Amino acid sequence: MNETLIRPTHPPIVEEQTERPARRVGLVDRIALHVGIALIKWGRRPLPLESRERRANRVEQQLARLARERQAERSLRLLTPVR
C-alpha cells in the first residue's frame, strides 16, 4: 500500500516573453472616467437632514389635511339626500 501515485506528466509550460507596447489611455477615455467618478460622488453625497421641528410641522400639516378631508366628506354625506 506504499505505492506512490503517478501523476500524469504534462508538457512543460512555455511562457513566451513577448513585450507588448505600453497602452496609453486616450484623452476621451480619461475624461469619461473623471465624469463618471464625479457623477458617482455627486449621487452619493449626503443629503441635509430635516430638522425635528420641520418634521413635526409636516406631520401636523398632514394630520390637519386629513381632518379637513374627513370633515368635508362628513358634511357632503350629511347634506346629500337619502335615496
The extension gain from Thr80 to Thr9, computed as 0.36 nm times the residue separation minus the Cα-Cα distance, is 15.9 nm
Label model pair Gln61, Ala38: point-to-point distance (7 angstrom along the Cα→beta-carbon line) in nm is 3.4 nm
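Coordinate-derived values only; no laboratory data. Because the structure is a prediction, the values reported are computed rather than measured. Heads up, the Cβs are rebuilt from the backbone with ideal geometry, glycines too, and the neighbour counts pull from every protein chain shown.
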